[in-house]
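Colleague: Before we start, here is the structure in question, set down as structure tokens.
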Amino acid sequence: MKKGILKTLLFYGIGFGIAGISYAIIGNPYIHAPGVHHLILFLTSIIGLIWTLISIGVYFFKAKTDSLKGIIITNSLIIISCFLYVSIPIYLNSNQKTFIESNFVRTEVKGDTTELYHNDNLIYIKVKDSVILDLR
């Protein structure tokens, strides 16, 4: 079982490590699209999911080894953890206001446009996901 756990942790460590290195080197040059590091993380997760499904099939229909048991448990934990890491903040933030009310900054949301005013001076404009003006 230890051997399967170590194989799985090594796989994810290499995948996440390469994603971190690519982000450190390349960054995210185009903010409106996923970066190379997102693609690497996505592929690592998909390959891990496929590996898990194949391991489950082999475990139940061919050989029940401790190594496969460790691979299945570790892969399942990592995949579920990644899913929850992404989905819980989305769920929690969907019920909150998108702006903060205060006495000295006024926020106006009109359709796809968000405008921030400070002392009635326009300091920020965002249309959809593009920031047009940012004087904060």
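Colleague: Quick one: with all protein chains in place, what share of the accessible area of the chain is carbon or sulfur, to the nearest percent (1.4 Å probe)?
Modeller: Values: 6940 of 10180 Å².
Of the solvent-accessible surface of the chain, carbon and sulfur hold 68 percent.
Colleague: Helix-derived [θ] at 222 nm for the chain: sum -39500 (n - 2.57) over DSSP H runs of at least 4, divide by residue count, nearest 500?
Modeller: Details: 3 runs with 78 residues, N = 136.
Estimated from H runs of four or more residues: -20500 deg cm²/dmol.
Colleague: If you don't mind, another one. To the nearest 20 debye, what is the magnitude of the charge dipole of the chain about its Cα centre, counting +1 on the Cβ of each Lys and Arg and -1 on the Cβ of each Asp and Glu? Present the calculation step by step, with values, prior to reporting the outcome.
Modeller: Details: 12 positive and 8 negative charges, 180 e Å.
It works out to roughly 860 debye.
Colleague: Now, a different point. Name the trypsin sites (Lys or Arg not before Pro) in the stretch 32-76 that are in a loop by DSSP and that have at most 12 other C-beta atoms within 10 Å, would you? Spell out each step's value before the answer.
Modeller: Numbers: sites: Lys62, Lys64, Lys69; in loops: Lys62, Lys64.
Those that pass, being in a loop and sparsely packed, are Lys62, Lys64.
Colleague: Which residue, Phe60, Phe104, Phe83, tops the fluctuation ranking in a GNM of the chain built on C-alpha contacts under 10 Å?
Modeller: Residue with maximal mean-square fluctuation among Phe60, Phe104, Phe83: Phe104.
Colleague: Over the Cα atoms of the chain, what is the Rg over Rh ratio if Rh follows Kirkwood?
Modeller: Details: Rg = 22.3 Å, Rh = 18.7 Å.
Over the Cα atoms of the chain, Rg/Rh equals 1.19.
Colleague: Enter the accessible area per residue of the stretch 9-136 (Å², integer; probe 1.4 Å; all protein chains in place).
Modeller: Ligands and nucleic acids excluded, the figure is 74 Å² per residue.
Colleague: Points 7 angstrom from Cα along the Cβ direction at Ile73 and Tyr91: gap in nanometres?
Modeller: 2.6 nm
Colleague: Using heavy-atom solvent-accessible surface (probe 1.4 Å) with all chains present, what is the largest-first order of Tyr85, Tyr124? Before the final figure, lay out each step's value.
Modeller: On the way: Tyr85 180, Tyr124 30 Å².
Final ranking, largest accessible area leading: Tyr85, Tyr124.
The values are calculated or read from the model by the stated rules, or taken from the named source; none is laboratory data. What you see is a predicted model; the values in this text were computed from it and never measured. So basically every Cβ, Gly included, is an ideal-geometry build from the backbone, and we count neighbours across all protein chains shown. Side chains included, ligands, DNA and RNA excluded: accessible areas come from the protein's heavy atoms. Shrake-Rupley method; radii C 1.70, N 1.55, O 1.52, S 1.80 Å.
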